[in-house]
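K.L.:
Handing you a structure now.
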Amino acid sequence: MSFLKEIPQLIKYKISFAVTYTTVAGFVLYHKGFHIHLLLICSGVFLLSAGAMAINQLQEEKFDAIMKRTSGRPLPGGRMTKIQVVLTAIVFFLAGSTILFIHFPIITLALGIFNVVWYNAVYTPLKRLTPLAVIPGSLIGAVPAMMGWVAAGGNVFDVRIIALSLFLIIWQIPHFWLIMFRNNNEYELAGFPGIERLFSQKNIKHIIFAWMLATTCSAMLLAIFGLISNSVLIVALILVNVFLIILFYKFVSNQKTVKMRFVMIGINLYMLIILSLSMINVFLGHTS
């Protein structure tokens, strides 16, 4: 029972659920509604993500042990052994792959395997070399939405899923750099190159703000390509963008009323709201 209690933290369940939510968006946007296969694609993606997260914790055990915010994870905390982590990762990976292979076009599984490899074999080692690893690493956040899209029967080269994927890619960058900025000292202590090696704190904030503006612009592509076409939802999209711009402007301006915690909550909610608006658009019957 103690082993099972550690599974949620091992697989970083919050991240895995967020990944799965982008898959839901991709599926619903093409299928124009829910279907029993939505449960299957979500299960497959969640299990693959869980396997990748378990592998990641195995890769970064010694680094996690140094940083305060990660030292309590199951492996560095001594509550799970390496063998248990490896076996758990294999079970999740094989279970997710089996679901995707049996029920969906082979490209769905191919995208899933690509994402696991990109996360564990490319991004994870690369972030030990440069804080700019977040740029190629941001691709990881877009692939699950594509998996949902192709699982529903869509074409991976459809301009609509490309627009959604571009939004998710660009959103990842200010999101990750905020985390690095907040935890720069811990990253440095663990041997990761912190973002402050490249830029001053003032410049980091300006760069994050620039990427945030790019994120709001990419969100408007969803309206341009018809993923958000209802007039009320377009107004909501604009208002959400304005709110995020104001929030980040206050953050960049060093206004004491805006704490890092609120900025992190704001950018996470922003992504969820944008995806939700696109799906609400489907149920209002306005998807082109």
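K.L.:
May I ask you to derive the FRET efficiency for Ile265 and Val156 from their Cβ-Cβ distance with R0 = 30 Å, giving the value to the nearest 0.05?
P.N.:
0.40
K.L.:
Output needed for the chain: three equivalent-ellipsoid semi-axes, defined as square roots of 5 times the C-alpha gyration tensor eigenvalues, in descending order, whole Å.
P.N.:
One finds semi-axes of 29, 28, 15 Å for the chain.
K.L.:
Based on Cβ point charges of +1 for Lys and Arg and -1 for Asp and Glu, what charge dipole magnitude is obtained for the range 2-283 about its Cα centre, in debye rounded to the nearest 20?
P.N.:
That gives the range 2-283 a dipole magnitude of about 740 debye.
K.L.:
Can you give me the relative contact order of the chain as a percent, contacts being Cα pairs under 8 Å and 6 or more apart?
P.N.:
Answer for the chain is 21 percent.
K.L.:
In addition: Given a cut-off of 19 Å, name the pairs among Lys12/Lys259; Lys14/Lys259; Lys5/Lys62; Lys62/Lys127 whose C-alpha atoms lie farther apart than that in the structure shown.
P.N.:
Pairs exceeding the cut-off: Lys12/Lys259; Lys14/Lys259; Lys5/Lys62.
K.L.:
What list of ³J(HN,Hα) couplings, whole Hz, do you get for the range 132-137 from phi and the Karplus terms 6.51, -1.76, 1.60, once you set θ to phi - 60° and write x for glycine and proline?
P.N.:
Those phi angles translate into 6, 4, 4, 5, x, x Hz.
K.L.:
Once Lys and Arg get +1 and Asp and Glu get -1 on their Cβ, which of Phe251, His35, Phe225 lies farthest toward the positive end of the dipole of the chain?
P.N.:
Most positive-ward Cα: Phe251.
K.L.:
So if I place +1 on the C-beta of Lys and Arg and -1 on the C-beta of Asp and Glu, and nothing else carries charge, what would the dipole magnitude of the range 125-213 be about its Cα centre? I want it in debye, nearest 20.
P.N.:
140
K.L.:
Determine the gain in length on full extension of the stretch Ile273-Val232; use 0.36 nm per residue of separation and subtract their C-alpha separation, reporting nm with one decimal.
P.N.:
13.4 nm
K.L.:
Okay, moving on. Using only DSSP helix segments of four residues or longer, with each worth -39500 (n - 2.57), what per-residue ellipticity at 222 nm results for the chain after dividing by its residue count and rounding to 500?
P.N.:
After summing the helix terms and dividing by residue count, I get -23500 deg cm²/dmol.
K.L.:
Right, next: Which aspartates and glutamates, on any chain, are close to Lys68 with Cα under 16 Å apart, when same-chain ones fewer than 8 places away are left out?
P.N.:
Glu60, Glu186, Glu188
K.L.:
In the range 179-261, what is the volume of the convex hull around the alpha carbon atoms, normalised per residue and reported in Å³?
P.N.:
112
K.L.:
Run the numbers for His35 and Phe101: contour at 0.36 nm per residue of separation, minus the present Cα-Cα distance, in nm.
P.N.:
Using 0.36 nm per residue and subtracting the Cα-Cα distance, I get 22.0 nm.
K.L.:
Another question, then. Quick one: net charge of Lys14's neighbours, Cβ under 14 Å, K/R +1, D/E -1?
P.N.:
Net charge in that neighbourhood comes out at +3.
No lab work stands behind these numbers, since they all come straight from the coordinates. Owing to the predicted nature of the structure, the values given are computational and were not obtained by experimental measurement. With ideal geometry, Cβ positions are generated from the backbone for all residues, glycine too; neighbour counts draw on all protein chains shown.
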